[in-house]
Amino acid sequence: MKLHTHFMVDLDAVCSVWAARKFIPGAKDATVEFRPASWNGEGMAENDFALDIDAGGRGMKGEKGEGGLVHSCTALIIAKYASPADQSALANLIRFVDAQDAHGSAVKFLAPEMNQKAQETFGATGLNAVLRALQATHPRNDAIVCERMSEIFSGMLHAGRARQRAVIEADKAEILGDGKVAIVTNSREFATNDMLFENRGVRVIVYVDGHNLGVIRHGDEPLRMDHAEFRAIVEADGELNEWFAHPAGFLFCRGSRKAPAENPSKVSPRKLAEIAVRLLA
């Protein structure tokens, strides 16, 4: 099997190649042929795919949707071949590729309310900018660009799946104080805290992760995690000099993923949670 797409790949073309290899049966090890955008499909075998290119009517191109919007080749592949769970995991990527393909600037189309400087910043550092940076680093080498971008897309799929697992972890957290405080024990997913903060309305999380113990707050919660009452319970157990207080007040901990603790804390996670409940009330 061969996958055909056009020279000087754009975001939809390179993402389509990745999606085909990832989801189309038998395409995992397919070779990629780069063609002029005007190629008529001559020489295509029966089980080949032409992606983001017309190929004399044999290719997969974007489709018109409501309001005339274009659904990308990437979206077509994922809708047809990926599982519902992976379609959900990739929903943001598909939305970005669709917008970039249809409007030339996903950032301006998806976030018109942002001011010009913000749009310029996100436009210069977003997914399409990463593609253009790789093309500048590897000029006229579509094969290398596809391989490098494929690593990024695979990472986004793994991250999307991890967020789905984080939803399950968040459901298992112990919730206190009318839903404002959670105790999370030995979380395996980075997104679990985000799920609790953004989707469940939690304001403060007490985490226990192996020997690590800490309190962390939602980004817009004003309560400092090194509040005097938190410090007092830590000091009572003789550990105050072992705890780290972030200068901005959003984290107070003895051990984290960046700096793991080597032995368990004497401080009770439940007492930290009860203090948080009281302070938030």
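Spin-label pair Asn199-Leu280: with each label point 7 Å from Cα along the Cα-Cβ axis, the two points sit 1.8 nm from one another. Each of Gly155, Gly126, Val184 was scored by the projection of its Cα onto the charge dipole of region 125-196, and the greatest displacement toward the positive side belongs to Gly126; charges sit on the C-beta of Lys, Arg, Asp and Glu. A DSSP coil position with no more than 14 other Cβ atoms inside 10 Å describes the following GluC sites (Glu not before Pro) in region 31-125: Glu42, Glu46, Glu113.
The reciprocal of the average 1/r between distinct C-alpha atoms defines the Kirkwood hydrodynamic radius, which for region 86-142 equals 12.3 Å. Most simply put, the chain has about 55% antiparallel DSSP beta bridges, counting only bridges with both residues inside it. The equivalent ellipsoid that matches the C-alpha gyration tensor of region 204-248 spans semi-axes of 18, 14, 9 angstrom, in descending order.
Taking chymotrypsin sites (Phe, Trp or Tyr not before Pro) across region 210-281, none is in a DSSP loop with at most 11 further Cβ atoms lying within 10 angstrom of its Cβ. Since only Phe230, Leu240, Phe250 are under comparison, the one whose Cα sits farthest along the positive direction of the charge dipole of region 198-256, derived from C-beta charges on Lys, Arg, Asp and Glu, is Phe250.
Note on Thr137 and Met8: their simple-model spin labels are 2.1 nm apart, each label 7 Å out from Cα toward Cβ. Computed from the Cα positions only, the extents of region 206-279 along the three principal axes stand at 31, 25, 19 Å, in decreasing order. Take region 162-265 with all the other protein chains still there, run a 1.4 Å probe, and you get 54 Å² of accessible area per residue.
A convex hull fitted to the Cα coordinates of region 165-234 yields 88 cubic angstrom per residue.
What percent of all Cα-Cα pairs in region 105-229 falls into each 5 Å bin, going from 0 up to the bin containing the maximum distance? For region 105-229, the binned pair fractions read 2, 9, 14, 13, 13, 13, 12, 12, 7, 4, 1, 0, 0 percent. Counting only Cβ charges, +1 for Lys and Arg and -1 for Asp and Glu, the dipole size of region 15-106 around its Cα centre is about 180 debye.
Per the Kirkwood formula applied to alpha carbons, region 7-141 shows a radius of gyration over Rh ratio, Rg over Rh, of 0.98. For the chain, the relative contact order works out to 12 percent when only alpha carbon pairs closer than 8 Å and six or more residues apart are counted. Note on Glu262 and Ser105: their simple-model spin labels are 5.4 nm apart, each label 7 Å out from Cα toward Cβ.
With coordinates expressed along the principal axes, the C-alpha atoms belonging to the chain extend over 78, 41, 36 Å, beginning with the largest. The stretch between Arg270 and Glu242 holds 8.2 nm of extra length on full extension. This uses 0.36 nm per residue minus the Cα-Cα distance. Restriction of the GluC sites (Glu not before Pro) in region 229-281 to DSSP coil positions whose beta-carbon has at most 11 other beta-carbons within 10 angstrom yields Glu262. At a 1.4 Å probe radius, carbon and sulfur cover how many percent of the accessible area of the chain? Accessible surface attributable to carbon and sulfur in the chain totals 52 percent. Computed from the C-beta positions of Ala91 and Ile168, the FRET efficiency with R₀ = 25 Å rounds to 0.90. Projecting the Cα atoms of Phe49, Phe96, Ala273 onto the charge dipole of the chain, computed from C-beta unit charges around the Cα centre, puts Ala273 farthest toward the positive end.
The values are calculated or read from the model by the stated rules, or taken from the named source; none is laboratory data. Given the structure is predicted, the values throughout are model-derived calculations rather than measurements. Don't worry about glycine lacking a Cβ; one is built from the backbone with ideal geometry, like all the others, and counts go over all protein chains shown. Just so you know, the surface numbers come from the protein's heavy atoms only, side chains and all, with ligands and any DNA or RNA stripped out. Shrake-Rupley method; radii C 1.70, N 1.55, O 1.52, S 1.80 Å.
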